[in-house]
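Here's the structure, in structure tokens; my notes come after.
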Ligand SMILES: Nc1ncnc2c1ncn2[C@@H]1O[C@H](COP(=O)(O)OP(=O)(O)OP(=O)(O)O)[C@@H](O)[C@H]1O
Ligand SMILES: [Mg+2]
């Protein structure tokens, strides 16, 4: 369907070439994601999750099949994508505010507006008192919040998140997850593809959880998470309906990782 935010049709990816061994990383994936959906991807290490995000971002091309956004083939990186990693590369010599401003600068937003918008976003992530701090003066959790603010600044149409909270301790993670999901739930306009090793996180946050097989990565199951929104995740995780959903998916995932 042309109006899908993201579609993969028969996508395979082989790494390697002349001197190195061929690795079939991703094997014949078909996937359609409507705009405004929050999709989590779980699967064993090396099953091709990051590779899928990299194809969607235009960083690498599939060996076979097509990767489309809004019905158009992805051919190069695009400015309306926000890509977040476990340890976001903030510029160490820029303050939190200047880091958030960076994206706005690329989009040609003027200085005064940039500054105001950055402060507003830092406030949303409860970092108003740290606008002038450098990344080295911030905890890992605070740095990831700056990274979220920086990504929000460009108002991405598509968020590609590769274990974005994976480097945080369990309690900080819960707080940052909660902040992120409530910001996203305010509009639910952007599409999110969220890779994680943490099944609890996947089920708490997502509308849909895709389980991948061990390499070569295929989609083993596509699970709709029918939990109401807005989600109060620090409570929801004790809820029976949540636990049942997590348990069902765990059975699928367990066979791939053990
Ligand atoms: N640039 C590359 N060159 C060669 N092989 C690669 C390259 N990048 C990834 N691979 C291989 O492709 C497979 C999938 O890698 P990928 O990084 O997508 O896995 P992943 O699911 O993100 O794993 P993890 O959960 O550990 O991050 C792996 O077997 C990996 O060895
Ligand atoms: Mg990865």
Stretch gain in nm, segment residue 73-residue 186, where the contour uses 0.36 nm per residue and the Cα spacing is subtracted: 37.7 nm
Estimated inter-spin distance, residue 197 and residue 22, nm [label 7 Å along Cα→Cβ]: 3.0 nm
Helix axis angle, 111-124 relative to the chain longest principal axis, alpha carbon, degrees: 70 degrees
Relative contact order (%) - criterion: Cα under 8 Å, at least six apart; region: the chain: 25 percent
Full-extension gain in nm, residue 116 to residue 128, via 0.36 nm per residue minus C-alpha separation: 3.2 nm
Cβ-based exposure ranking for 150, 114, in which fewest neighbours within 10 Å come first: 114, 150
Dimensionless Rg ratio for the stretch 82-155, taking C-alpha atoms and the 2.2 N^0.38 Å reference: 0.96
Cα-based helix-to-principal-axis angle, 240-257 vs the chain, degrees rounded to 10: 60 degrees
Spin-label pair residue 106/residue 208, simplified geometry with 7 Å Cα→Cβ offset, distance in nm: 2.6 nm
For the stretch 157-249: rounded, prolate or oblate by the Cα gyration tensor [a/c cutoff 1.5]: rounded
Candidates 27, 198, 240: whichever shows maximal mean-square fluctuation once the chain is modelled as a Gaussian network with Cα springs under 10 Å: 240
The stretch 22-99: radius of gyration and largest Cα-Cα distance (Dmax), Å: 15.0, 44
Candidates 91, 57, 187: whichever shows maximal mean-square fluctuation once the chain is modelled as a Gaussian network with Cα springs under 10 Å: 187
Percent antiparallel among DSSP beta bridges (both partners in the chain, rounded to 5): 50 percent
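If you average 1/r across every pair of different Cα atoms in the chain and take the reciprocal, what Kirkwood value do you get, in Å?
Numbers: mean 1/r = 0.0525 Å⁻¹.
After inverting the mean inverse Cα-Cα distance, the result is 19.1 Å.
So if we plug the beta-carbon distance of residue 254 and residue 222 into 1/(1 + (r/R0)^6) with R0 = 25 Å, what FRET efficiency do we get, rounded to 0.05?
With a Förster radius of 25 Å, E is 0.90.
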Fewest-first sequence of 161, 142, 55 by Cβ atoms within 10 Å of each Cβ: 142, 55, 161
Residues listed by number, the stretch 54-93, amide nitrogen under 20 Å from residue 167 label point at 7 Å toward C-beta: 54, 82-93
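Per residue of the chain, what 222 nm ellipticity follows from adding -39500 (n - 2.57) for every DSSP H run with n ≥ 4, rounded to the nearest 500? Spell out each step's value before the answer.
Values: 8 runs with 94 residues, N = 258.
-11000 deg cm²/dmol, from helical runs alone.
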Rounded FRET efficiency, nearest 0.05, which uses the C-beta distance separating residue 3 from residue 229 and R0 of 25 Å: 0.70
Fully extended contour minus Cα-Cα distance, from residue 136 to residue 35, at 0.36 nm per residue: 32.7 nm
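Bear in mind that the values in this text are calculations on the coordinates, not laboratory data. Just so you know, these numbers come straight off a predicted model, no measurement behind them. Using ideal geometry, Cβ is built from the backbone for each residue, glycine included, and neighbour counts are taken over all protein chains shown.
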